[in-house]
Amino acid sequence: MPTKIIDINEATIKSYVESLRPEDLEIRKQLDIGYLYKANVVCLFEIRPNWQNPEEKQKIEFARIRHYKTKKTWKLYWMRASGKWELYEPFPESTHIGKIIEIIKEDKHGCFYG
């Protein structure tokens, strides 16, 4: 039987996203939180019905975390109103993704949760 390798970074991200998700399934139909973890990039997003077509769901990204293998660091980005990603200041990087998650939770400048 093959053993599954646990990615500690994805486990950290999944735990954080689960803590943000509404418990009530009815609320999740109107607002939910998800993530995409692919290669060296993590995208955190809201899932909402499209205002023009409520049957269609849309994903609205609010944070992006990127791993730079050569530097062994994670960098945090936020989306400006213009739709462009910008490096989060004053603490843009860490060697541990858990520290990046803590910065998003604090959201001192209102970049992630408005």
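The values are calculated or read from the model by the stated rules, or taken from the named source; none is laboratory data. Keep in mind that this is a model prediction, so the values were computed, not measured. Because the Cβ atoms are built from the backbone with ideal geometry, glycine has one as well, and the counts that use them run over all protein chains shown.
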Those residues that are surrounded by 10 or more Cβ atoms within 10 Å (Cβ to Cβ) and either at pLDDT below 95 or not hydrophobic (A, V, I, L, M, F, W, C) (or both), I need them from region 45-55; list them, please.
-> Glu46, Arg48, Pro49, Asn50, Pro54
Considering region 59-75, residues that are closer than 22 Å to Asp32 by Cβ and touching a residue at least 24 places away in the same chain (Cβ under 8 Å), and then whichever is nearest to the chain's Cα centre (by Cα), we arrive at Ala63
Of the residues that make up region 18-33, is at least one surrounded by 13 or more Cβ atoms within 10 Å (Cβ to Cβ), among the small types (Gly, Ala, Ser) and out of contact with any Ser or Thr (no Cβ under 9 Å at 6 or more places or on another chain)?
-> no
